[in-house]
Amino acid sequence: MNYFKIATMSVVLALPANISFAEKTDVPERFYEFGLTDDAKRKFIAITFDPEASDVDKSKSLSRLGDIAFEEQKVALALKTWRELLKSYPDSDEANLVMERINQIGQMVGETTGDTLNNAIASSYIRHGDWWSKDKKEMLTIDSSWIPHDKVSIGWYERVIEEFPDSAASVLAIKKKFYTVYGWEEPGKYGETYGVIGKKRRVTDLIAVYEALIVASPNDPDLQRFRYMIAQSYWNKKMFSETREWLQRIIDAGEGELGFYEDLAEWRMQKVEY
């Protein structure tokens, strides 16, 4: 065996186990990232039954299975999976995270049934009752009139930003906050307007969220779009000097590459005043 091989083996053996060998959850996580959700679920489920899998791998798998079920709107299944996580691995990092929020999630979606019914007779009675009351609504219809939708929405996004800093969830919450501050118009004669579009917020409020995104994700692919939204907000207010400034920022950020927003900014720069 030559010196190079000996040295290579020495380096590998010196590495901690969690570095030299991938965790069992790495493969299903990659499946999940690429949208291969069914494959990811199979792998995560297999890990939960694998006698050689560590408690860390099993707790991570249960947590992710709950996340996937929730994303698929299978709320009862998600809550059941998270409860299994709490029962089986109460001291895990995932359990600590879920424990604080599982009741809130249940309240938000109106889930109160608890575990899946395993008794066939009881299940048949439930189905009989459901047949006779099939027009009932088990989800609460919320009257949100007179409630400032944008402020409530931003409040929830800010909770994510504060409670989960330096995370992908935080970056996503900042982006959603940006769109909310930008605003929208409700349809209909009496539809409400929100944000900068509804002239209820200033463009500087939008810039503040944009600057938060730069800190959280300096190379984020959405930054050019947000710069154009800021430029367009100024343009709609006939603040042409500020419009040109932000259009130029888009062009400069492109560094000579003519992407969609760089091209759009150059075209708009030719006709700003109207």
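Computed from the coordinates by the stated procedures, all read-outs in this text should not be read as laboratory data. Computed from a predicted structure; not experimentally measured. Please note: Cβ atoms are built from the backbone with ideal geometry, for glycine as well, and neighbour counts cover all protein chains shown.
Describe numerically, in nm with one decimal, the distance between label points set 7 Å from Cα along Cα→Cβ at Tyr190 and at Ile45.
4.9
Can you tell me which lysines have their Cα less than 21 Å from the Cα of Lys80? Leave out same-chain residues fewer than eight positions away.
Lys41, Lys43, Lys58, Lys60
Aspartates and glutamates within cross-link reach of Lys237: Cα-Cα under 16 Å, excluding same-chain residues under 8 positions apart?
Hits, sequence-local ones excluded: Asp205, Glu245, Glu273.
Please report the net charge: other residues with Cβ closer than 10 Å to the Cβ of Asp57, K and R +1, D and E -1.
-2
Using Cα pairs under 8 angstrom and six or more residues apart, how large is the relative contact order of the range 122-226, in percent? Mind showing how you got there, number by number?
Numbers: 83 pairs, mean separation 17.9, N = 105.
Contact order relative to length: 17 percent.
When Rg is the radius of gyration of the Cα atoms in the range 149-269 and Rh is its Kirkwood radius, what does Rg/Rh come to?
Working: Rg = 15.1 Å, Rh = 15.1 Å.
With Rh from the inverse mean 1/r over Cα pairs, Rg/Rh is 1.00.
Please give the contour-minus-distance gain from Phe260 to Ser167: 0.36 nm per residue of separation, less the Cα-Cα distance, rounded to one decimal in nm. It would help to have the intermediate numbers written out before the result.
Values: separation 93, 0.36 × 93 = 33.48 nm, distance 2.79 nm.
Length gained, Phe260 through Ser167: 30.7 nm.
For the chain, report the translational diffusion coefficient in µm²/s to the nearest whole number, using Stokes-Einstein at 25 °C, 0.890 mPa s, and a Kirkwood Rh over Cα pairs. All intermediate terms of the calculation are to be shown ahead of the outcome.
Numbers: Rh = 23.5 Å.
For the chosen part, D equals 105 µm²/s.
Tell me, what is the FRET efficiency for Gln104 and Ser145 to the nearest 0.05, using R0 = 22 angstrom and their Cβ-Cβ distance as r?
0.35
Pulled fully out, how much extra length does the chain show between Asp93 and Gln248, if you take 0.36 nm times their separation in residues and subtract their Cα-Cα distance? Numbers along the way, then the final one.
On the way: separation 155, 0.36 × 155 = 55.80 nm, distance 4.59 nm.
Contour length minus the Cα-Cα distance gives 51.2 nm.
Take the alpha-carbon centre of the range 146-192, take the same for the range 241-274, and report the distance between them in whole Å.
About 27 Å separates the Cα centre of the range 146-192 from the one of the range 241-274.
Describe numerically, in nm with one decimal, the distance between label points set 7 Å from Cα along Cα→Cβ at Asp222 and at Asp38.
3.0
Mind checking the dipole of the chain: about its Cα centre, +1 per Lys or Arg Cβ, -1 per Asp or Glu Cβ, Debye to the nearest 20? Write down the numbers at each step before the final one.
Working: 36 positive and 45 negative charges, 150 e Å.
Approximately 720 debye in magnitude.
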